[in-house]
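As structure tokens, the structure follows; a few thoughts come after it.
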Amino acid sequence: MQSTVNNNENWTPRIVAFFCNWCTYTASDLAGVSRLRYAPSTRVIRVMCSGRIDPEFIMESFAKGADGVLIGGCHPGDCHYSEGNYKCLRRFTLMQKYAEQMGIEKDRLRLEWISASEGKKLQEVVNDMTDHIRKLGPSKIKEVVETIVK
Amino acid sequence: MADKPKIKLAVYWGAACGGCCVSVLDVHESLFTVVEHADLVFWPIALDVKYKDVEEMPDGNIDITLFNGAVRTSENEHMAKLLRKKSKILIAYGSCAHMGGIPGLANFSNKEEIFKRVYETSESIDNPNKVFPATETEVKEGKLTLPKFYNDVMTLNQVVDVDYYLPGCPPQTERLVEVFMAVVTGATLPPKGSVIGVFDRVQCDDCKRKKSDKKGITKFYRAWEVVDDGETCLNEQGILCMGPATRGGCGVRCVEGNAPCRGCYGPMEGIPDPGAKMMSAIASMLEGKEQDEIDKAIESVVDPAGTFYRFSLPGSILRRKQK
Ligand code: SF4
Ligand code: SF4
Ligand code: SF4
Ligand code: FES
């Protein structure tokens with residue numbers, strides 16, 4: 001899929017969202033049943049815990065054309081597997097530093113703790129991230145990965 | 001075995017440092033065994049065989065080519081394609097051909113920046129007329145040509161079909177001899193595309209240092225900031241070691257020499273990105289839970305991209321720095 005419209009209101013970024021089953025994924029359900037409208041930008045992938053998200057998933061998402069990657073996990077202290085979200089936070093922090101070195105804009109990668117009851121927060125986070133990415137425009141990462149320049 | 005026809009062997013360097021060619025020489029007295037079973041038909045570091053001679057060979061004439069070095073110029077690419085055509089088995093030999101290697105670190109930059117630095121702003125350069133290498137230059141005697149310097153560094157398999165990968169910077173010579181003897185004795189070769197001359201375990205499995213389950217690292221140090229005790233796992237002492245994300249094969253030779261593993265043997269089977277693996281491993285070894293503790297620990301990993309992809313940037317998922 002090719003995004004041709006650059007940086008405008010008609011273009012909807014594609015955000016790959018890795019949501020923990022026990023919290024953020026449930027929050028997105030709640031946002032749905034509560035009819036909280038938010039930008040149709042996310043493609044949600046449910047994982048059993050934010051600690052399951054390998055940096056490889058994030059890289060693959062960008063390499064395959066994501067304009068942003070959003071990770072949603074349980075609040076500190078609330079992880080069902082006790083420490084998965086701390087591990088996620090450490091990976092994420094390291095990943096952010098790597099992404100910056102690779103020339104990937106900071107706003108394309110985001111981590112939020114969103115509990116099952118925070119449908120409203122989910123709405124705000126998705127809308128806010130979508131706005132930020134809209135300002136950046138479509139990601140060129142896929143093109144760079146696939147086009148070797150001689 | 002004397003009546004068996006000798007194997008035709010070629011060794012070539014692309015964007016390489018010469019170390020891989022020297023590692024072939026390092027077979028020492030095994031060289032006699034090699035020469036007993038093989039004719040070296042092309043090897044620029046040691047033999048005066050011209051490109052033209054290779055061009056004149058029938059296709060598939062060479063039994064095995066060890067191609068070391070990355071692909072960074074039009075000459076490297078031309079030779080990769082030529083040797084592919086002329087060889088039955090093409091082996092990406094060494095980290096540079098396998099994953100891009102040290103020359104592949106240039107994918108953090110680009111041609112324009114590199115030329116500017118090397119031919120213009122470098123402290124040892126005086127180039128007031130801004131003369132840059134050109135692929136063609138007219139002089140009164142005629143036209144001079146140079147290979148084209150590409151913007152991106154490539155791995156060998158980004159340019160041609162590769163049969164096997166033999167990693168290492170350079171590969172451990174014993175592994176080369178084992179692979180060579182397997183071919184000579186007619187052993188069944190592994191499936192095409194395999195990484196050969198490696199073990200099925202990570203470096204840590206071969207490492208003799210004392211390891212504990214809980215690493216509990218709060219900070220990493222530069223090598224000169226700490227004194228290694230010589231026996232505890234380097235990561236546990238806060239000296240970043242790529243062992244957990246690196247495939248065995250070398251005999252943990254760096255750690256044996258009290259230096260951390262830098263990852264030249266590449267990732268384990270089925271892992272497409274060595275850096276991703278290392279980031280996961282580090283996240284598990286750190287103990288901080290609060291953002292500020294974690295920030296402090298991560299801050300001490302000075303150059304994650306350059307450290308985790310020291311030998312593998314062009315072969316990694318994201319391949320190069322964004323423009
Ligand atoms: S793999 Fe290492 S030894 Fe071989 S050419 Fe590359 S830099 Fe040199
Ligand atoms: S991390 Fe390095 S020092 Fe520690 S066990 Fe693994 S290879 Fe050995
Ligand atoms: S210890 Fe690591 S860096 Fe050293 S040769 Fe082995 S794989 Fe390469
Ligand atoms: S279970 Fe939700 S982050 Fe671990």
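The values are calculated or read from the model by the stated rules, or taken from the named source; none is laboratory data. Just so it is clear, the model here is predicted, and its values are computed rather than measured. Cβ atoms come from the backbone with ideal geometry, glycine included; neighbour counts cover every protein chain shown.
Quick notes on this one:
Residue by residue, here is whether (1) over 21 Å from A:K140 (Cα atoms); (2) part of a helix (DSSP H, G or I); (3) more than 16 Å from ligand 1 (Cβ to nearest atom) holds:
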{"site": "A:T12", "(1), (2), (3)": "no, no, yes"}
{"site": "A:V16", "(1), (2), (3)": "no, no, yes"}
{"site": "A:Y25", "(1), (2), (3)": "yes, yes, yes"}
{"site": "A:A39", "(1), (2), (3)": "yes, no, yes"}
{"site": "A:R43", "(1), (2), (3)": "no, no, yes"}
{"site": "A:F57", "(1), (2), (3)": "no, yes, yes"}
{"site": "A:F62", "(1), (2), (3)": "no, yes, yes"}
{"site": "A:G65", "(1), (2), (3)": "no, no, yes"}
{"site": "A:F92", "(1), (2), (3)": "yes, yes, yes"}
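- Test for B:S280: is it of a type in the set (S, T, Y) and within 23 Å of B:C169 (Cα to Cα): no
- Set side by side, the residues B:D63, B:D53, B:D59 differ, and just one is among the acidic types (D, E) and free of Cβ contacts under 8 Å to residues at least 12 places away in the same chain, which is B:D53.
- Subset of segment B:210-244 (residues that are of a type in the set (A, V, I, L, M) and over 12 Å from B:V255 (Cα atoms)): B:I217, B:A223, B:V226, B:V227
- Pick from segment B:207-219, criterion assigned to a loop (DSSP other than H, G, I, E, B) and at pLDDT below 95, ranking: nearest to ligand 3 (Cβ to nearest atom): B:K211
- Test: residue in segment B:177-196 that is within 16 Å of ligand 3 (Cβ to nearest atom), closer than 27 Å to B:M278 by Cα and out of contact with any Pro (no Cβ under 7 Å at 6 or more places or on another chain): no
- Whichever residue in segment B:97-119 is surrounded by fewer than 21 Cβ atoms within 10 Å (Cβ to Cβ), more than 16 Å from ligand 3 (Cβ to nearest atom) and of a type in the set (A, V, I, L, M) and, among such residues, is farthest from the other protein chains (Cβ to nearest Cβ): B:V118
- Some residue of segment B:45-54 being closer than 22 Å to B:L313 by Cα, modelled with pLDDT of 95 or more and either within 19 Å of the chain's Cα centre (by Cα) or not assigned by TED's automatic domain parsing to the domain that holds B:A134 (or both): no
- If you go through segment B:58-72 and keep only what is in a strand (DSSP E or B), farther than 12 Å from B:I89 by Cβ and charged (D, E, K, R), you end up with just B:R72.
- Test: residue in segment B:207-215 that is out of contact with any helix residue (DSSP H, G or I) (no Cβ under 8 Å at 6 or more places or on another chain) and within 13 Å of chain A (Cβ to nearest Cβ): yes
- Every condition in (1) touching a Phe, Trp or Tyr at 6+ places or on another chain (Cβ under 9 Å); (2) within 23 Å of B:Y309 (Cβ to Cβ) holds for A:E60 except the one numbered (1).
- Out of B:L166, B:L146, sole residue that is closer than 17 Å to B:N68 by Cα and either away from every other protein chain (no Cβ under 14 Å) or more than 16 Å from ligand 4 (Cβ to nearest atom) (or both): B:L166
Table: residues versus (1) away from ligand 1 (no atom under 16 Å from the Cβ); (2) exposed (fewer than 13 other Cβ atoms within 10 Å of the Cβ); (3) charged (D, E, K, R); (4) away from chain A (no Cβ under 14 Å).
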| residue | (1), (2), (3), (4) |
| --- | --- |
| B:R247 | no, no, yes, yes |
| B:V252 | yes, no, no, yes |
| B:C261 | no, no, no, yes |
| B:C264 | no, no, no, yes |
| B:P272 | yes, no, no, no |
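- Every residue from segment B:292-315 that is within 7 Å of chain A (Cβ to nearest Cβ) and either basic (K, R) or assigned to a helix (DSSP H, G or I) (or both): B:I294, B:D295, B:I298, B:P304, B:A305
- Test: residue in segment A:70-85 that is facing chain B (nearest Cβ under 8 Å), closer than 14 Å to A:A17 by Cα and crowded, with 21+ Cβ neighbours inside 10 Å: no
- Condition met for B:R84 (within 14 Å of ligand 1 (Cβ to nearest atom) and among the charged types (D, E, K, R)): no
- Of the residues making up segment B:270-291, those that are of a type outside the set (S, T, Y), in contact with a helix residue (DSSP H, G or I) (Cβ under 9 Å, 6 or more places away or on another chain) and closer than 22 Å to B:I317 by Cα are B:I271, B:P272, B:D273, B:P274, B:G275, B:A276, B:K277, B:M278, B:M279, B:A281, B:I282, B:A283.
- Matching residues, segment A:106-150, being within 12 Å of another protein chain (Cβ to nearest Cβ), outside any helix (DSSP H, G or I), in contact (Cβ under 8 Å) with a residue 12 or more places away in the chain and more than 24 Å from A:A31 (Cβ to Cβ): A:S139
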